[in-house]
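Data block below; observations after.
Laboratory data are not the source of any read-out in this text; all were calculated from the coordinates shown. Keep in mind that this is a model prediction, so the values were computed, not measured. Cβ sites come from the backbone with ideal geometry, for glycine too, and all protein chains shown count toward neighbours.
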């Protein structure tokens, strides 16, 4: 192996180490990331200077595609094995069993209500005579609009604007107070 290739591979390896170290020591404020990228640029420059054009192109493509792909894979693995992902999934229902108010919110799925405040995209809605903080699916709604609860995840209630339900259209929610 040519000496310049060995030095370039060593610079790339040190750059990867600096990027990984930044993940564990974020107090550096990105200095390790800058150092890692600088080492990558030096390695490619070294190959461009002493190597062939093919080696330089391979090194550039390898760094441009390989590193982001590797870090994306590491990030996905980290998300999969972290403790937080287990709490979000709530596959066994243990979180809602421990917090009864969350299971009450689960009962709102499919229920109709009206917005009490403008939804931009969050605000308050009234469903079954109960005031609830909710989110829309990204759109803004005015106050007094009919909505239906389409999703509940943890304490986040998501609503969608609907036409006034035929069987509920003549109900005045102000009389219920």
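Observations on the model:
- Each Cα pair under 8 Å and six or more residues apart adds its separation to the average, and for region 3-81 the resulting relative contact order is 30 percent.
- Among 147-154, 48-55, the peptide with the highest mean count of other Cβ atoms within 10 Å heads the list, and the full ranking is 147-154, 48-55.
- Once the chain from residue 3 to residue 124 is taken as fully extended at 0.36 nm per residue, the excess over their C-alpha distance is 36.9 nm.
- For a label point 7 Å along the Cα-to-beta-carbon line of residue 60, residues of region 18-47 with backbone N under 14 Å: 41-47
- The protection proxy used here, the mean number of other Cβ atoms lying within 10 Å of each residue, ranks peptides 34-45, 56-67 as follows, highest first: 34-45, 56-67.
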